[in-house]
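Down below is the structure, laid out as structure tokens.
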Amino acid sequence: MRHAPLFVLCAALALPAVAADPKPEIERPTGKPQAVGVVHTLRQIPEACARVEGAFTGQAAEPYKFAVVRTSPNCQARARFVDAAKAKASEKSGWIFNDVIRVPSAACPSQMAVVRVWRKPAGGAPPKLDAQGRSRIYLKESVDAAKKGDLAELPVYAASMGVEGKACQ
């Protein structure tokens, strides 16, 4: 009985964290505090040839900015990256909650940037096995299918950003 108030307090503190987001596929600790104006990489998604990067601005109106940047002009993307708000990414619409990245501000420890990454897998099936039991893709067949407009669906990634916590003066 003596520990009942402590248990209730712990349960009440844990409840908002559980209710906020579904469990992501990737679990990671909170990132290292970042200084104002320093651009830092939040996440790389090689299959989309993209890097998500952000920076604290030090401005009250827009304390954090993030952008999705192409990693290389020669990279051949095997996935697309779209805006989460336009895609309306949610588990109800077939998206999978992939990752949540939390980065505190070095100048204002009570403020934290939170980037949520969603993933929508492609609906395509792998190629059928050939006589040798291997799954192969042949260039001529792929070029012919592309000319017909019969392209395979690509996986899609989306990211949204928010700032949590109290702003510093």
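For the stretch 10-169, the relative contact order works out to 24 percent when only alpha carbon pairs closer than 8 Å and six or more residues apart are counted.
Which of Tyr64, Tyr138, Tyr157 has the fewest other C-beta atoms within 10 Å, and how do the rest follow up to the most? Please report the intermediate quantities before stating the final value.
Numbers: Tyr64 22, Tyr138 10, Tyr157 26.
With the sparsest Cβ surroundings first, the list reads Tyr138, Tyr64, Tyr157.
Counting every other Cβ atom within 10 Å of each residue's Cβ, Val39, Val143, Val114, Val103 order from fewest to most as Val143, Val39, Val114, Val103. Pairs of lysines in the chain whose Cα atoms sit within less than 24 Å of one another amount to 18, provided the residues are eight or more positions apart or on different chains.
Derived from the Cα gyration tensor, the three semi-axes of the equivalent ellipsoid of the chain are 40, 23, 13 Å, largest first. For the stretch 71-169, the equivalent ellipsoid derived from the Cα gyration tensor has semi-axes of 40, 15, 13 Å, listed largest first.
One compactness figure for the stretch 31-103 is 1.25, namely its Cα radius of gyration divided by 2.2 N^0.38 Å. Computed from Cα atoms, the angle from the helix 4-20 axis to the main principal axis of the chain rounds to 40 degrees.
Relative to the longest principal axis of the Cα atoms of the chain, the long axis of helix 139-148 lies at roughly 80 degrees.
Read the figures in this text as sums done on the coordinates, not as results from a lab. The structure presented is a predicted model; accordingly, all values stated were derived computationally and were not measured. With ideal geometry, Cβ positions are generated from the backbone for all residues, glycine too; neighbour counts draw on all protein chains shown.
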